[in-house]
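Every read-out reported here was derived from the displayed coordinates using simple, explicitly stated rules and does not represent laboratory data. Fair warning: this is a prediction, and the values are worked out from it, not measured in the lab. Here Cβ is always computed from backbone atoms with ideal geometry, including for glycine, and neighbour counts include all displayed protein chains.
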Number of protein chains: 4
Amino acid sequence: MMIIMKSNATPKQIDHVIERIKALGLNVHLSQGVEATIIGAIGETHNINIDQFEVLDGVDFVKRITQPFKLASRQFYPEDSKYALDGFTVGGKDLLIIAGPCSVESRSQIIETAIAVKKAGANALRGGVFKPRTSPYAFQGIGEEGMEYLAEAREITGLPVVAEIMSQIQIEEMVKFVDVLQVGARSMQNFNLLRALGEIKKPILLKRGLSATIEELLMSAEYILAGGNNQVILCERGIRTFETSTRNTTDINAIPVLKNLTHLPVILDPSHSTGYSEYVGPVARAAIAAGADGLMVEVHLHPESALSDGKQSLKPEKFSEIIQQVGQIAKIIGRQIPCVQ
Amino acid sequence: MMIIMKSNATPKQIDHVIERIKALGLNVHLSQGVEATIIGAIGETHNINIDQFEVLDGVDFVKRITQPFKLASRQFYPEDSKYALDGFTVGGKDLLIIAGPCSVESRSQIIETAIAVKKAGANALRGGVFKPRTSPYAFQGIGEEGMEYLAEAREITGLPVVAEIMSQIQIEEMVKFVDVLQVGARSMQNFNLLRALGEIKKPILLKRGLSATIEELLMSAEYILAGGNNQVILCERGIRTFETSTRNTTDINAIPVLKNLTHLPVILDPSHSTGYSEYVGPVARAAIAAGADGLMVEVHLHPESALSDGKQSLKPEKFSEIIQQVGQIAKIIGRQIPCVQ
Amino acid sequence: MMIIMKSNATPKQIDHVIERIKALGLNVHLSQGVEATIIGAIGETHNINIDQFEVLDGVDFVKRITQPFKLASRQFYPEDSKYALDGFTVGGKDLLIIAGPCSVESRSQIIETAIAVKKAGANALRGGVFKPRTSPYAFQGIGEEGMEYLAEAREITGLPVVAEIMSQIQIEEMVKFVDVLQVGARSMQNFNLLRALGEIKKPILLKRGLSATIEELLMSAEYILAGGNNQVILCERGIRTFETSTRNTTDINAIPVLKNLTHLPVILDPSHSTGYSEYVGPVARAAIAAGADGLMVEVHLHPESALSDGKQSLKPEKFSEIIQQVGQIAKIIGRQIPCVQ
Amino acid sequence: MMIIMKSNATPKQIDHVIERIKALGLNVHLSQGVEATIIGAIGETHNINIDQFEVLDGVDFVKRITQPFKLASRQFYPEDSKYALDGFTVGGKDLLIIAGPCSVESRSQIIETAIAVKKAGANALRGGVFKPRTSPYAFQGIGEEGMEYLAEAREITGLPVVAEIMSQIQIEEMVKFVDVLQVGARSMQNFNLLRALGEIKKPILLKRGLSATIEELLMSAEYILAGGNNQVILCERGIRTFETSTRNTTDINAIPVLKNLTHLPVILDPSHSTGYSEYVGPVARAAIAAGADGLMVEVHLHPESALSDGKQSLKPEKFSEIIQQVGQIAKIIGRQIPCVQ
């Protein structure tokens, strides 16, 4: 960390900054230039809040040299993270393809969908049981009942299941039924939830918030990692911009940027990032071409009667076609979807 | 709600839409034009999810006539909401001036600050005890201990106290000590928390999310109102844009827009919406000039040693000066701060 | 166009709207519902400014049924536009690969680069001679001299050349030397320039503005098309958002959205849309996977001594590698780069 | 300017950076710390393009100490800029109130409006004659004829007139008729136009681009100042964000930020920054409360039949009311509108 003093900073102000650095157990390196005095703080600085230096008298600005996250950082852990999920290796050569309906609506719906997406090439099943909805009057998910159906679909197909958690109160029950706990975009900075998820032993699928920077996404991952759970999967799902022709703007840049900054696996959700089923295929192909470790796709047997997100859901046949193309693109960059020859 | 069919929609598709509307207990008004057929759905439509119509075959788009929120709407409740807060009337002629430190740091700090801000014209005290921080390594608040100090500061000054709640688990304890529960920007769409706050009897200060639209803010208020708690105060605190010279962008338009759409009181937090103490004064004046019902301002005895947000905190003397000017502006538009002559 | 009247609109207000529609030579279709009266305006409405109806008393809102652009629309012209560019067919099966330096710096630089990018698979050469720069003190391009070098590079390699035009004053001279005139992001709404370019007979490469919506991009294309020049190539080059880890945010959604809305060819510029050479490859692959008709890539022999945009420029060898991968992805979706086997 | 080298930078890389700095005529100050080597470049650095250092091998990042603009900077010129405009002093104690229609539509319209706005307190008249319109089919202004009407309105009322210029080709004619040349938001980075305006002797009203940062606005002002014309007025007119309930988002923070960074006068256009006439009053009051040096407001005798921007135009009576309130607020912060007692 470097603290750049204003050109008119007084010796007393400089001394005060130095004291503060030392009080944090850091070493000081002082450099007095013509235009500015620069004070370097050396040691473990990723957990220092730079604000506390920015407010000191005489300080112009403060610049980190090291990143504010550590456990999530590729500087700290250069190899790609890999871990087993029901026999499948997340973060390895095989792409993680999570598919299923926005919401679990009934027993037969989720079981039939699970069979269909597995056949099409998915290696995990998604299905929401607690739904975060903008309106209090909208369908809020079928709750616990849905978890039992998910567990049954898993029994039948062998697919691990992914479902969204909205509150730490739900952890105890959800871990009984669900293989991967998803933290939705609106919960990315629910820090109490993140801390609680740091203490469990299941993979966490962490979605980027609607207006979260890439650094903030990594800081939220750091909350989980710092708690001792190192099984975090990051998910780009579109950000909010001025453009209104799609539901969100897919930040495709985030894929190579994240792969550069972190060792954690990174997937993309083209259903939410576009909002329209006709754009899911092109953006799914783009994600894999850009280096993503997988996809999360909404698939519904009858999108026109879905209780939520029908507009962005694919029918199983269309999903199957897309996975075939995605699998071929994967091979060009050294990845694969096992079912695609 | 109007459903506009594509120009080539078939009679069968039109009939299907009509059936769906009737199934929701709504009446249908059909209008067959040359360019398009329009199907009106008449009745209680604010709680209808329009997505379920947008995915039907033959539908071009769906347009609400009435707003998606009801209890928060001025259409539904035309008069300004007013309610008592420790003798003070929120939403009335007097402006609500909430001031205090970002975080409660010690007993003496919060008591001294409470005395200082009261003297300067504040009629409520803020102080965070649970702090939502981007980094797991940053200061996270002093927790329950802080609530006792807040309660003591209240005892001494008579100021009602405002503190942020981060999880529904904290409700039981916080309601014992705190007068107004604040929902922070990052929790604006923590729907489990909102639902739980709908069941208590204390005012809720609901801050706008970093990338939340005005409509979404009102939908989150609707969650609380729908639960039976009608004491909601809305707070503009800056939105996230491309501009980097300030911490956030104050959406001053939100003040008149919200006053137009809702009967709920609307205040502005110029500390977070600018991020720099030198800009707090001008933006505080602007907020009141634009018609806000109050302000929430960070004040710290020693900003340079604050444990959080020092850069945007005012010293009490500066706060006092600003309140004097704000009070004079208030009078021009028919409002007042009692202490300002 | 549909004009939805407020529920309390008076018969006189309705009549006034009807008169206005008729005055524009349009037909009227009136539908009086229970919640709202809707007035349809039928005929050639793409050139009607809907604002003039929105301000009339009693009007709630106005909704277009047809798009505000016509000549650019796939509704109007369903087939993909194709046209010859020096033997190459833009918009056909072959991808358009434009490469070269940000700025023409010297005769030898542009000739050597042209030879290198051609060898690597490019089929057009880019090179700026007039440079739009944020700072008046930055390098502004070498001007006319550069055009002569571009022409010479073209002579030697056979590659058509692309250069940016900043003012209609430059047209007369530039058309002598340059094959494709590029309108930069900052000029996308320089309507005088667009109109002037509608009158020439050369292809126009129209880049999306930093905060332009997809619809606005198409409206700017419409200016050129309406003038009689139907050779327009659209270029996504990243939009401005809150994310700061890249120079811009690549809106990959724009590729399938544009291919859906318009018959015009659509390419992507991953150099500007990311701002860092290490991210150009992944995003170039993503663009083609998403269905783009080509790429525009900055290539410099010595990025570290480039007079502009060095940070986002590729060396020729790296560019060559990327084009190989891009060519393989192209084949999977039925496209090709001729040089890539 | 400071160049921070990567921790593993080699002596050769450091030497190369030093050479480059010296080649620009700057002095070097070298500081070798434990974590990083920092190279200071001392001298006239505002006109140095920092990119050229960022691409050098071994460089981590480059940080300016001084701002990239100089003539526009308050560091360079601490006093508020003031200059005469037809007897009125722009930038002084009196607020600049520019009012008039979006477009000049007829002789009688502009003359009547001029008389009305003068009576209400305006001290300058606006009226567009060349209109930048998103659609090629929309009304594009009445051109030269309009300038004659503006001149006549000026003759009658004594109000100086402001009109938008879209191309340097129009300068010669416009300077004959118009007192202040306005550069619209879409032209803020039309650098050829800015350079040409640097050579004339009339005030330039420079509006902020839809997605321009405050720094970019100042850099565009720098183009004009660097050409020798120091009569620049800056205008905040709303930026583009995700919020759709208003036409743009008024960045009220920009007022104190600009007043801090530059000596140039800063005004606000609440008509464009909100897009709705009912929000113009509150935001106009906010602008002056925040410290703006004036306003630019659209006023139309009959907004419902305006050829452009009717929705955001005020009737003269409403404008008059607003100016009364604005004038009272002005007094509280030491400013005034001469006609308001």
- request: Just tell me which aspartates and glutamates come within less than 13 Å, Cα to Cα, of B:LYS82; anything on the same chain fewer than 8 places away is out.
  value: B:ASP94, B:ASP293
query: Which is the longest stretch in chain D that no exposed loop site breaks, taking sites as GluC sites (Glu not before Pro) with a DSSP loop state and at most 15 other Cβ atoms within 10 Å?
result: D:200-341
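For the range B:105-244, what is the relative contact order in percent, using Cα pairs closer than 8 Å and at least 6 residues apart in sequence?
Working: 234 pairs, mean separation 24.9, N = 140.
With pairs under 8 Å counted, the relative contact order is 18 percent.
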statement: Computed curve, the range B:83-332, Cα-only Debye sum without solvent term, log₁₀ I(q)/I(0) at 0.10 Å⁻¹, is -0.41
task: For the range C:183-192, take each phi angle, set θ = phi - 60°, evaluate the Karplus expression 6.51 cos²θ - 1.76 cosθ + 1.60, and give the result in whole Hz per residue in order, putting x for glycine and proline.
output: 9, x, 4, 6, 9, 4, 10, 8, 5, 4
query: In degrees from 0 to 90, rounded to the nearest 10, what is the angle of the helix A:11-23 Cα long axis to the longest principal axis of chain A?
result: 50 degrees
Other copies of D:ASP86: label-to-label distances in nm, shortest first, labels 7 Å along the beta-carbon direction: 5.4, 5.5, 7.6
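At a threshold of 8 angstrom on Cα-Cα distance, excluding pairs fewer than six apart, so keeping six or more, what relative contact order does the range C:2-63 reach in percent? Present the calculation step by step, with values, prior to reporting the outcome.
On the way: 89 pairs, mean separation 30.7, N = 62.
This gives 49 percent for the range C:2-63.
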field: Cα-Cα separations in the range B:229-298 greater than 18 Å, expressed as whole percent
entry: 33 percent
- line: The answer for trypsin sites (Lys or Arg not before Pro) in the range B:108-217 that fall in a DSSP coil and have at most 14 neighbouring Cβ atoms within 10 Å is B:LYS201
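So what is the relative contact order of chain A, in percent, for Cα pairs below 8 Å that sit 6 or more residues apart?
Reported relative contact order: 15 percent.
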statement: Per principal axis, largest first, the Cα atoms of the protein assembly as shown extend in Å by 82, 79, 76
message: Using a 7 Å offset from Cα along the direction of the beta-carbon, what are the separations from A:GLY25 to the same position in each other copy, nm, ascending?
response: 5.2, 6.2, 8.1
Interchain or long-range residues, amide H under 5 Å from C:VAL299's placed H: C:GLY100, C:CYS102, C:LEU314
query: Got a sec? How would C:PHE139, B:PHE69 order by Cβ neighbour count within 10 Å, fewest to most?
result: C:PHE139, B:PHE69
- prompt: What's the average, rounded to a whole number, of partner chain beta-carbon atoms within 10 Å of each residue's beta-carbon in D:288-300?
  reply: 3
field: Distribution of pairwise C-alpha distances over the range D:183-250, 10 Å bins, in %
entry: 23, 50, 19, 7, 0
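Dipole size in debye (nearest 20) for the range D:83-332 around its Cα centre, Lys and Arg Cβ +1, Asp and Glu Cβ -1?
Numbers: 24 positive and 28 negative charges, 78 e Å.
Dipole size: approximately 380 debye.
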message: Please list, ordered by chain and number, the residues whose modelled amide H lies under 5 Å from the amide H of C:VAL59; skip anything fewer than 5 residues away on the same chain.
response: C:LYS6
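Quick check for me: using +1 on Lys/Arg Cβ and -1 on Asp/Glu Cβ, what's the dipole size of the range A:247-318 about its Cα centre, in debye to the nearest 20? Let's see the in-between values first.
Working: 6 positive and 8 negative charges, 25 e Å.
So the dipole magnitude of the range A:247-318 works out to roughly 120 debye.
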query: Between Rg and the Kirkwood Rh of the range A:157-303, both from Cα atoms, what is the Rg to Rh ratio?
result: 0.96
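Kindly state, as a whole number, the per residue volume in cubic angstrom of the convex hull around the alpha carbon atoms of the range A:76-179. Could you put the intermediate results ahead of the total?
Details: hull volume 13.6 nm³, N = 104.
Roughly 131 Å³ of hull volume per residue.
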message: Just to be sure I understand: of the beta bridges DSSP finds with both ends in the protein assembly as shown, what percent are antiparallel, rounded to 5?
response: 40 percent
message: Could you derive backbone 3J(HN,Hα) for the range A:209-219 from the dihedral phi with the Karplus parameters 6.51, -1.76 and 1.60 (θ = phi - 60°), listing whole Hz in sequence and x where the residue is Gly or Pro?
response: x, 4, 10, 7, 6, 4, 5, 5, 4, 5, 5
- line: Computed Rg/Rh for the range D:257-299 (Cα atoms; Rh = Kirkwood radius) stands at 1.00
message: Placing one identical point scatterer on every Cα of the range B:3-119 and ignoring solvent, what is log10 I(q)/I(0) from the Debye formula at q = 0.15, 0.22 Å⁻¹?
response: -0.75, -1.18
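Semi-axes of the equivalent ellipsoid for the range B:261-341, please: Cα gyration tensor eigenvalues, times 5, square-rooted, ordered largest first, whole Å. Write down the numbers at each step before the final one.
Working: eigenvalues 106, 43, 18 Å².
Values for the range B:261-341, descending: 23, 15, 9 Å.
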field: Whole-Hz couplings from phi, Karplus 6.51/-1.76/1.60, listed for the range A:164-174; x for Gly and Pro
entry: 7, 10, 10, 7, 4, 4, 7, 4, 3, 6, 5
task: Tell me what chain C gives for mean residue ellipticity at 222 nm when only DSSP H runs of n ≥ 4 count, each as -39,500 (n - 2.57), the sum divided by the residue total, rounded to 500 deg cm²/dmol.
output: -10000 deg cm²/dmol
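Going by how many other Cβ atoms sit within 10 Å of their own, how do B:SER108, C:SER245 line up, fewest first?
Working: B:SER108 10, C:SER245 19.
In increasing order of surrounding Cβ atoms, one gets B:SER108, C:SER245.
Hey, what does the equivalent ellipsoid look like for the range A:91-152, semi-axes from the Cα gyration tensor as sqrt of 5 times each eigenvalue, largest first, whole Å? Write down the numbers at each step before the final one.
On the way: eigenvalues 112, 41, 17 Å².
Gyration-tensor ellipsoid for the range A:91-152: 24, 14, 9 Å.
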statement: Shielding of B:39-46 by other chains, given as the mean Cβ count within 10 Å, works out to 2
task: Provide, for q = 0.13, 0.30 Å⁻¹, the log10 of I(q)/I(0) from a solvent-free Debye sum over equal Cα point scatterers in the range B:2-63.
output: -0.28, -1.53
- request: Kindly give the distances from B:GLU152 to its copy-mates, label point to label point, with each label point 7 Å from Cα along Cα→Cβ, as nm values to one decimal ordered shortest first.
  value: 5.8, 7.9, 8.3
